[in-house]
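Participant: Pasting a structure here, questions to come.
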Amino acid sequence: MWSKCRWSTVMFSFLHRRSSVMSQTPPIVSVLPTRGLVDEKFKVLVENLPPGRPVTVRSLHHSDNGHYWEAFGFYTSDHRGTVNVSKDQSVGGTYTGKEPMGLLWSMCPVPGSHKGLRLRKLNMCSPMLVNISVHSGHEGFRDGAPLASVLVERWYMAPGVKRIDVQEKGLLYLFSPGPFPGILDLWGGGGGLVEYRSALLASHGFATMSLDYLSCGQPVFTYVETAFNFIKDHPQVIADRVGVVGLCLGSLPALYLAADSTVVKVVKQITSPLLLVSGCDDQNWPSFETAEDINQTMRAAGNDHLLSRLDYPDSGHLIEPPFSPHFRASTFVTTNKRKAMILWGGKTKPHSDAQEDSWRKILSFLQQHLCCSLNAKL
Amino acid sequence: AEQCCVSLSVNPSRGLMDEKFIILVQKALPGFQLTIHASYHCEDGNSWEAFAHYTADAGGTVNVSQDTSLGGTYSGVEAMGLLWSLRPVPGSKPGLRLRKKNVQTPMEVTISVYQGHQTEGFVDQVPLASVLVERWYMAPGVCRIPITEEGLTATLFVPAGNGPFPGLLDLWGGGGPLVEYRAALLASHGIASLALNYLTPKTTMETGKMVDNQYFEKAYKFLQQHPQICDSRIAMLGLSLGSAFTLKMAVYSQVMKLRCVVCIGGSHVQPVDGSVEQVLGYMEKNSEKTRFTENNEMIWRDLLLPIPTDPSFKVDVGRLKCPLMLVVSEDDQNWPAPESAKDMKEMMERAGNSHLLTVLSYPNAGHLIEPPYTPHVRISMFRTVVMALWGGQMVEHSRAQEDAWKKILIFLRENLYDSTKPGATTLSHL
């Protein structure tokens, strides 16, 4: 073995491990799909293990801003030498129980990382790369090299979705040829241009525009109306099928457009259907109390039939697309450039369930109101 | 009319070339007639298309995996029909074949829905809905490495991860320059695969001399010595002419200790002591046995017939020590694969090693058994010079490709990964 080696000493440990596993049968880890959208579920399967063997299935991601995130679950292979993450129980790790997507939503920064990190993808045109590996044992799993691993891509943009820079300081995501219903996507007070929800909505058939309404230098509501008109008038957008999605601070302009703005009067309904999503453990905004207040106001006005609410106990403020990791607090840079630790709230498992449930219902709400069905025309 | 409303989804939108997808049309009117269309623009500039006619059910849905196509380029319930029934658009040159040269980019197929049951003129119409689907030969993390050391001309594909991985030597046929897609796909399934150019490698192009049998042994040794490859888990796969050298090396090489061997559309008939040049020369000598169809397409299956009785003209598979899988198409018009398989089986039964043999035999399949969902071609240009008849009928050939690939992968896994436990290898998504 050694005499055959013509590589540098760095490779010696590689070869040593190679010879020691040569006589063993390597396990096989597979993930389906290997390339999926970030809101799609995957199946993780480990095969060819000895039966009854304790193993750890682990995910590892190197974020755009240089930090490492991981999740892991402890499993035992069955009589066929298989671990099926979609069906089997994790008995420990960053998640427990039967959790097909636990390897994503329970991700946290690896030991030794800074405090208060938040996982956000910056470049939408490339996928999030996640390494899924299987290791021997439970508690000490990091001590050995992985038995097998596979690389998975998670995309915000479906094939064919284009990202177009619009001069009004926004980003438009759409898929040709159209025409499509449109969405104006308003993020929160974190500032900057956040694109990932728009990219994902475009992947679901909506021409979506992400707007940086905080640093535009114009009054917010006017700016948002201009953007709304831009989408409405775009040749690839169906003019009478435009909606608004707002998170956190972005809810305010969204509500303004739905209620008071004259722009929305050209839409079929003068006051439009409204979906409010609140985390009941939101420590950043009184979103639950606000939703209650809006509810009462609309009931008094007689238009509460337009209102739908999703309230999630034990969920925090940042209800993001599904399988995104939850963090109870993270560092936030305020407008006067001071760093603070902001408490968002929520407990990981209920918050992750809320993200999955609310995303499905948001998409359904948008499709119901923005995509006409032929049946409705009869 | 406002037909914006029909929704079309394909899952997965990014899949491997051998993965099934689910095409779903929703929100149509119940009983609505529609055409689902697939369009693909090749790297070589040619366009291919397929289409099928459906009627939406009471819920306004069409599910291609479950519903019946009433006509088009395929009919019946065919989840993947829109890929395997792709054909060159009207007005294309004759004899085209769909082969992807650049495996680092996906095949991009546009799937669209049109109103009514249509058969032509798709390009001039606006579809009701359209999605782009990517089909990949390389899974994420698979590495493509061109190899030029030891005088080899080859491309190595290494799976994602550290390894070590089993290895495979992949030989194509006589049809032209090196193609990489099968090796790329095998690496996506965990096998480090080397697509080896043995007909037009750099040495042959520069010196005019064909490679000798040691060339294959060098390729094998290269795999053995690779730090990410298990030196005792190496297989060999040959298609068509490639099968000839696969069988020769598997039986006679002192250097190559293969874990298992797969031969697709091939034969053991050849001058046993000869190298590439002699094997090609043997076929040339018999070229007057070429037959022609009424359209002047060449039928080459008789060149090696009848199967000789002289042992110096057939590889002695009775001496084979590892499992062998033969993939045979019963309408193979290019090589006498069925007759050769029959003869090989008899040789192995006489020698007492037929327990090593698995034969997959497909009625009405043609010579070119490729990875699944690649469109069948009954004839195509061979080396840009002549038109060859491959044989086969589209539906049976496509089923054969799907079935053979699955069984080849299971065979390779069982032998290279020792996964012989029941249910150990599901591959259920294929």
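Readers should treat all values here as calculations from the given coordinates under stated rules, not as data from a laboratory. Since we're looking at a predicted model, the values are computed, not measured. We place every Cβ from the backbone using ideal geometry, glycine too, and count neighbours over all the protein chains shown.
Participant: Is it true that some residue in segment A:272-288 is polar (S, T, N, Q), in a loop (DSSP other than H, G, I, E, B), away from chain B (no Cβ under 14 Å) and under 30 Å from B:Leu29 (Cα atoms)?
Facilitator: Filtering segment A:272-288 down to residues polar (S, T, N, Q) leaves A:272, A:278, A:283-284, A:287.
Now drop any that are not in a loop (DSSP other than H, G, I, E, B), which leaves A:272, A:283-284.
Narrowing the set further to residues that are away from chain B (no Cβ under 14 Å) leaves A:272, A:283-284.
Right, trim to under 30 Å from B:Leu29 (Cα atoms) and you get A:272.
For segment A:272-288, residues polar (S, T, N, Q), in a loop (DSSP other than H, G, I, E, B), away from chain B (no Cβ under 14 Å) and under 30 Å from B:Leu29 (Cα atoms): present.
Participant: While we're on this one: Pick out, from segment A:82-172, the strands (runs of 3 or more DSSP E) lying fully within it that include 2 or more residues that are touching a His at 6+ places or on another chain (Cβ under 8 Å) and of a type outside the set (Ser, Thr, Tyr).
Facilitator: Details: elements: A:128-136, A:148-155, A:161-166.
Where strands (runs of 3 or more DSSP E) fall fully within segment A:82-172 and carry at least 2 residues being touching a His at 6+ places or on another chain (Cβ under 8 Å) and of a type outside the set (Ser, Thr, Tyr), they are A:128-136.
Participant: Given the structure, is B:Phe32 within 12 Å of chain A (Cβ to nearest Cβ) and either more than 27 Å from A:Ala207 (Cα to Cα) or out of contact with any Phe, Trp or Tyr (no Cβ under 7 Å at 6 or more places or on another chain) (or both)? Show your work before the answer.
Facilitator: Details: within 12 Å of chain A (Cβ to nearest Cβ): yes; either more than 27 Å from A:Ala207 (Cα to Cα) or out of contact with any Phe, Trp or Tyr (no Cβ under 7 Å at 6 or more places or on another chain) (or both): yes.
Against the criterion (within 12 Å of chain A (Cβ to nearest Cβ) and either more than 27 Å from A:Ala207 (Cα to Cα) or out of contact with any Phe, Trp or Tyr (no Cβ under 7 Å at 6 or more places or on another chain) (or both)), B:Phe32 qualifies.
Participant: Another question, then. Please work out which residue is nearest to B:Phe32 (Cα to Cα), limiting yourself to segment B:66-83 and to residues that are assigned to a loop (DSSP other than H, G, I, E, B) and aliphatic (A, V, I, L, M). It would help to see each step written out before you state the result.
Facilitator: Residues of segment B:66-83 that are assigned to a loop (DSSP other than H, G, I, E, B), as a first pass: B:66-68, B:70-71, B:73-75, B:77-80.
When the remaining residues are screened for being aliphatic (A, V, I, L, M), the result is B:70, B:77, B:79-80.
Numbers: B:Leu70: 13, B:Val77: 18, B:Ala79: 20, B:Met80: 22 Å.
Per the stated criteria, the residue is B:Leu70.
Participant: Here's a follow-up. Which condition breaks for B:Val211 when tested against (1) in contact with an Asp or Glu (Cβ under 8 Å, 6 or more places away or on another chain); (2) touching a residue at least 24 places away in the same chain (Cβ under 8 Å)?
Facilitator: (1)
Participant: Also, quick follow-up: Which members of segment A:299-313 meet the condition of being in contact (Cβ under 8 Å) with a residue 24 or more places away in the chain and either part of a strand (DSSP E or B) or closer than 21 Å to A:His369 by Cβ (or both)?
Facilitator: Initially, segment A:299-313 is screened for residues in contact (Cβ under 8 Å) with a residue 24 or more places away in the chain, giving A:303, A:306-313.
Correct list: A:Asn303, A:Leu306, A:Leu307, A:Ser308, A:Arg309, A:Leu310, A:Asp311, A:Tyr312.
Participant: Can you list the strands (runs of 3 or more DSSP E) lying wholly within segment B:3-60 that have 1 or more residues being more than 24 Å from the chain's Cα centre (by Cα)?
Facilitator: In segment B:3-60, the matching strands (runs of 3 or more DSSP E) lie at B:7-11, B:22-26, B:33-41, B:47-55.
Participant: Another question, then. Scanning segment B:253-292 for residues that are among the charged types (D, E, K, R) and under 22 Å from B:Lys345 (Cα atoms), which turns out nearest to the chain's Cα centre (by Cα)?
Facilitator: Within segment B:253-292, the first condition is being among the charged types (D, E, K, R), and the residues that meet it are B:257, B:259, B:273, B:277, B:284-285, B:288-289, B:291.
Restricting the remaining residues to those that are under 22 Å from B:Lys345 (Cα atoms) gives B:257, B:259, B:273.
Details: B:Lys257: 25, B:Arg259: 21, B:Asp273: 29 Å.
So, considering only residues that are among the charged types (D, E, K, R) and under 22 Å from B:Lys345 (Cα atoms), the one nearest to the chain's Cα centre (by Cα) is B:Arg259.
Participant: Name the one entry in B:Ser13, B:Ser39, B:Ser7 that is among the polar types (S, T, N, Q), more than 9 Å from chain A (Cβ to nearest Cβ) and either buried (at least 17 other Cβ atoms within 10 Å of the Cβ) or under 21 Å from B:Phe122 (Cβ atoms) (or both). If you could, list the steps in order and put the result at the bottom.
Facilitator: On the way: B:Ser13 fails: more than 9 Å from chain A (Cβ to nearest Cβ); B:Ser7 fails: more than 9 Å from chain A (Cβ to nearest Cβ).
After applying the criteria, what remains is B:Ser39.
Participant: Quick one: which of A:Phe327, A:Phe323, A:Phe365 is buried (at least 17 other Cβ atoms within 10 Å of the Cβ) and at positive phi? Don't jump to the end; show me each part of the working.
Facilitator: Working: A:Phe327 fails: at positive phi; A:Phe365 fails: at positive phi.
Every option except A:Phe323 fails the conditions.
Participant: Would you be able to say whether some residue in segment B:108-130 is within 8 Å of another protein chain (Cβ to nearest Cβ) and within 22 Å of the chain's Cα centre (by Cα)?
Facilitator: yes
Participant: Of all residues being surrounded by fewer than 23 Cβ atoms within 10 Å (Cβ to Cβ), in contact with a Leu (Cβ under 8 Å, 6 or more places away or on another chain) and polar (S, T, N, Q) in segment B:143-192, which is farthest from B:Arg383 (Cα to Cα)? Just the residue, please.
Facilitator: Here the answer is B:Thr155.
Participant: Further question on the same structure: Would you pick out the residues in segment B:386-398 that are buried (at least 19 other Cβ atoms within 10 Å of the Cβ) and assigned to a helix (DSSP H, G or I)? Talk me through it step by step, then tell me what you get.
Facilitator: Of the residues in segment B:386-398, the ones buried (at least 19 other Cβ atoms within 10 Å of the Cβ) are B:388-392, B:394, B:397-398.
B:Met394, B:His397, B:Ser398 - these are the residues of segment B:386-398 that are buried (at least 19 other Cβ atoms within 10 Å of the Cβ) and assigned to a helix (DSSP H, G or I).
Participant: Can you say whether A:Ser113 is more than 10 Å from chain B (Cβ to nearest Cβ) and surrounded by 15 or more Cβ atoms within 10 Å (Cβ to Cβ), as far as the supplied structure shows?
Facilitator: Numbers: more than 10 Å from chain B (Cβ to nearest Cβ): yes; surrounded by 15 or more Cβ atoms within 10 Å (Cβ to Cβ): no.
Judged against the criteria, A:Ser113 is not a match.
Participant: Can you spot a residue in segment B:241-253 that is within 14 Å of chain A (Cβ to nearest Cβ) and surrounded by 24 or more Cβ atoms within 10 Å (Cβ to Cβ)? Break it down into steps so the answer makes sense when it comes.
Facilitator: Of segment B:241-253, the ones within 14 Å of chain A (Cβ to nearest Cβ) are none.
The answer is no; no qualifying residue exists.
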